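Here's the structure, in structure tokens; my notes come after.
The values are calculated or read from the model by the stated rules, or taken from the named source; none is laboratory data. Predicted, not measured: the structure shown is a model, and the values here were computed from it. Note: ideal-geometry Cβ built from the backbone for every residue, glycine included; neighbour counts use all protein chains shown. Just so you know, the surface numbers come from the protein's heavy atoms only, side chains and all, with ligands and any DNA or RNA stripped out. Shrake-Rupley method; radii C 1.70, N 1.55, O 1.52, S 1.80 Å.
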Amino acid sequence: SPMLHERQDGIETVRCLKQQPWFDGRLAMWGGSSFGHTQWAIADQRELSALSIQIASTSFRRMFFPGGAFSLESALQWAFRSRGTRDREVDIGALERGANHLPLLEADDVALADTPFYNDWPRAGPNGDYWKAIDGVDRTKTLAAPVLFTAGWYDPFLPEQLADFVRVRAHPDIRVAGPSRLVVRPWAHAQELTLPGART
């Protein structure tokens with residue numbers, strides 16, 4: 001069940017790190033997408049010195065339900081890539097078969113196989129306690145460390161990530177707001193784009 005247990009696991013990990021003889025009180029985290037979520041899940045922990053959150057926001061609910069409609073493509077791609085013990089390349093043909101199938105709860109079955117965490121998303125709908133457990137409440141207000149945001153112009157998290165940055169820059173603690181920065185590049189989700197005329 002991705003995203004549901006990251007806060008508890010993260011707090012326990014920080015507790016373990018603090019007990020290590022080499023821990024000097026400085027702790028930074030980095031990562032994108034679900035690894036960005038693991039940072040937001042414990043962003044209120046006072047042990048944190050800095051965060052580097054890439055292509056992720058405080059609201060996975062709004063990424064899965066932009067404007068209130070279920071983002072079938074994003075959900076299916078994630079389920080296809082992340083199902084099982086290791087990531088796999090997404091088969092576009094299989095993805096299209098799933099996307100063209102109704103009901104939505106069977107789209108994952110048609111694309112690859114039944115994926116319980118995919119089923120949770122359309123069942124939860126755009127509101128409710130399921131998303132509160134994942135997204136928390138006002139995480140930018142309880143943030144304990146400055147953030148380097150890295151976003152992509154073609155990334156589904158972009159609107160919410162921009163909103164997160166604006167809220168963090170308005171944070172009452174200048175040690176959090178002042179050093180926080182945002183970089184936006186021509187990326188899609190979890191991949192770099194090769195633009196015409198760009199050197200590779």
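Conditions: (1) over 17 Å from residue 64 (Cα atoms); (2) modelled with pLDDT under 95. Residue 173 meets all but one. Number of the miss?
(2)
Which condition number in (1) farther than 14 Å from residue 2 by Cα; (2) of a type in the set (Val, Ile, Thr); (3) modelled with pLDDT of 95 or more is the one that residue 38 fails?
Only one criterion in (1) farther than 14 Å from residue 2 by Cα; (2) of a type in the set (Val, Ile, Thr); (3) modelled with pLDDT of 95 or more is unmet by residue 38, namely (1).
Kindly indicate the residue of segment 184-200 that is under 19 Å from residue 57 (Cα atoms) and not in a strand (DSSP E or B) and also modelled with the lowest pLDDT among those meeting that condition.
190
Can you name the number of the only condition in (1) touching a strand residue (DSSP E or B) at 6+ places or on another chain (Cβ under 9 Å); (2) over 29 Å from residue 12 (Cα atoms) that residue 35 fails?
Residue 35 satisfies all of (1) touching a strand residue (DSSP E or B) at 6+ places or on another chain (Cβ under 9 Å); (2) over 29 Å from residue 12 (Cα atoms) except (2).
Does residue 68 qualify as being closer than 27 Å to residue 168 by Cα, under 17 Å from the mean Cα position of the chain (by Cα), surrounded by fewer than 20 Cβ atoms within 10 Å (Cβ to Cβ) and free of Cβ contacts under 8 Å to residues at least 60 places away in the same chain?
On the way: closer than 27 Å to residue 168 by Cα: yes; under 17 Å from the mean Cα position of the chain (by Cα): no; surrounded by fewer than 20 Cβ atoms within 10 Å (Cβ to Cβ): yes; free of Cβ contacts under 8 Å to residues at least 60 places away in the same chain: yes.
Judged against the criteria, residue 68 is not a match.
Looking at residue 15, is it open to solvent by 30 Å² or more (accessible area, probe 1.4 Å), assigned to a loop (DSSP other than H, G, I, E, B), among the charged types (D, E, K, R) and under 30 Å from residue 181 (Cβ atoms)? Please lay out each step first, then the result.
Details: open to solvent by 30 Å² or more (accessible area, probe 1.4 Å): yes; assigned to a loop (DSSP other than H, G, I, E, B): no; among the charged types (D, E, K, R): yes; under 30 Å from residue 181 (Cβ atoms): yes.
No: the conditions fail for residue 15.
What do you reckon, is residue 81 without any contact (Cβ under 8 Å) to a residue 12 or more places away in the chain, farther than 17 Å from residue 188 by Cβ and among the basic types (Lys, Arg)? Can you show your working first?
Details: without any contact (Cβ under 8 Å) to a residue 12 or more places away in the chain: yes; farther than 17 Å from residue 188 by Cβ: no; among the basic types (Lys, Arg): yes.
In short, no.
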